[in-house]
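Structure first, commentary second.
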Amino acid sequence: MNLTDPVIQTAVVPFAVSLAAAALLAFSIGRRYAPLGLALGFFIAYWLIMGLPPLPPRGSAQKLPYLTLLATLFGLVVEIAATRLTLLRPTLALALPLAIGVWLGWRGLTRGDVDNIATIAALFVVGSAILLAYRQPPETGRRGLEAPAVALVLALTMGALALLGHSASTAQLAFALAAALGGVLILNWPTQRFPFAGLGVFAAFGTLLALSGQMLLYSDASRIGLAIAALVAASPLAAQRFKLPAGRSGDVLAPLVTGMVALVPAAIAVGIGFALAPGGQG
């Protein structure tokens, strides 16, 4: 296997690592820790694509794995303690987007850059809304896989927008996250074997927020496209309008329907990103 091949780095390795690690974690230390495999798949892909990040990081792209680690740690805390501390999850759902935005854009904040401040504020509002909206995903049943299905489509959309915005490395990382999410979903469908609750939601959407912040602040990716892409997170609401059969068949179809509904705003976002792409692609 050629580990320098972009397809191997972006798709094969994160998918395989995520799937294997999630399975090992689910059947060893406990099912609720299986989404740690998602973060591990992304970390390995980052290492192959970008190399080991320095500490302290010197650029925005080098901050991404540390922000993923922070999101994963927040998710782990939520997974362990949220049932005992009712305000813990909403507090961390507000703190994580703020931390991501401030760390990525602190130079603009210190200069009083209005555009930078507005971007960080938007990232905070949208990111907090998403994390709060998925605050109590059920462990089983047809709604249990909505979050990873939405995150997968969103990661693919962001990868396409980053590519159109001339940010190939960010696109690779977004596609790698999508592949890692695919590994978790394949292991967890059609039979749901572990919950994608606090840990999975924070790790997946926290990484997506970090990638979004980097794209908004430091790339030519379409801001309109990214704004429309955020609507992907609302696709479960639209998917509920479809009358699925009761029982196991409905549980199997639910994440597929959610994913297909999510493709509508995703396609619109990519289309707008293509039309507005720098360099005349549109």
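Bear in mind that the values in this text are calculations on the coordinates, not laboratory data. Just so it is clear, the model here is predicted, and its values are computed rather than measured. Virtual Cβ from ideal backbone geometry, glycine too; neighbours counted across all protein chains shown.
Select from segment 67-136 those trypsin sites (Lys or Arg not before Pro) which occupy a DSSP coil region and have at most 16 other Cβ atoms within 10 Å, ordered by residue number.
Listed in order of number, the matching sites are Arg84, Arg135.
Please state the shape class of segment 37-116: rounded when a/c is under 1.5, otherwise prolate if a/b exceeds b/c and oblate if not, all from the C-alpha gyration tensor. Can you show the working numbers first?
Details: a/c = 3.23, a/b = 1.17, b/c = 2.77.
Oblate shape, in that a/c is at least 1.5 and b/c is the bigger or equal ratio.
Give me the one-decimal nm value for the distance between modelled label points at Ile224 and Arg248, 7 Å along each residue's Cα-to-Cβ direction.
The answer from the label model is 4.8 nm.
From the backbone phi of segment 220-231, what are the Karplus-calculated ³J(HN,Hα) couplings (6.51 cos²θ - 1.76 cosθ + 1.60, θ = phi - 60°) in whole Hz, Gly and Pro given as x?
9, 4, 5, 5, 5, x, 5, 5, 5, 4, 4, 5
Given the -39500 (n - 2.57) contribution per DSSP H run of 4+ residues, what per-residue ellipticity at 222 nm results for the chain, rounded to the nearest 500 deg cm²/dmol?
Numbers: 11 runs with 195 residues, N = 282.
Taking each H run of at least 4 residues, the total per residue is -23500 deg cm²/dmol.
So which residue, out of Ser28, Ser60, Ser128, gets the largest mean-square fluctuation from a GNM of the chain using Cα contacts under 10 Å as springs?
Its mean-square fluctuation being the largest, the pick is Ser28.
Let's test the formula: R0 of 51 Å, r as the Cβ-Cβ distance of Leu237 and Met1. What FRET efficiency results, to the nearest 0.05? Display every interim value, and only then the final one.
Working: r = 41 Å, r/R0 = 0.81.
Given R0 = 51 Å and the Cβ-Cβ separation, E is 0.80.
Choose one of Trp103, Val13, Pro245: the residue whose Cα lies farthest towards the positive end of the charge dipole of the chain (beta-carbon charges +1 Lys, Arg; -1 Asp, Glu; about the Cα centre).
Projecting each Cα onto the dipole axis, the largest value belongs to Pro245.
At 30 angstrom or more along the helix axis (alpha-carbon based) and mean Kyte-Doolittle of -0.5 or higher, what helices does the chain contain? Whole DSSP H runs only. All intermediate terms of the calculation are to be shown ahead of the outcome.
Working: long enough: 60-81 (31 Å, 1.25); 88-111 (32 Å, 0.82); 248-275 (42 Å, 1.52).
Correct list, ordered by number: 60-81, 88-111, 248-275.
Sorted from largest down, what three extents in whole angstroms do the Cα atoms of segment 188-257 have along their principal axes?
46, 26, 15
If r is the Cβ-Cβ distance from Ile268 to Ala95 and R0 is 45 Å, what FRET efficiency results, to the nearest 0.05? Present the calculation step by step, with values, prior to reporting the outcome.
Values: r = 31 Å, r/R0 = 0.70.
For Ile268 and Ala95, the calculated efficiency is 0.90.
Sorted from largest to smallest, which semi-axis lengths in Å does the alpha carbon gyration tensor of the chain give for its equivalent ellipsoid, taking the root of 5 times each eigenvalue?
Details: eigenvalues 147, 88, 82 Å².
They are 27, 21, 20 Å, listed from largest to smallest.
Please say if segment 158-282 is rounded, prolate or oblate, where rounded means a/c under 1.5 for a ≥ b ≥ c the square roots of the C-alpha gyration tensor eigenvalues, and otherwise the choice is prolate for a/b larger than b/c and oblate otherwise? Before the final figure, lay out the partial values.
On the way: a/c = 2.57, a/b = 1.70, b/c = 1.52.
Because a/c hits 1.5 or more and a/b exceeds b/c, segment 158-282 counts as prolate.
Give the Rg (one decimal place) followed by the Dmax (whole number) of segment 65-206, computed from C-alpha coordinates and expressed in Å.
Here Rg and the maximum Cα pair distance are 15.8, 52 Å.
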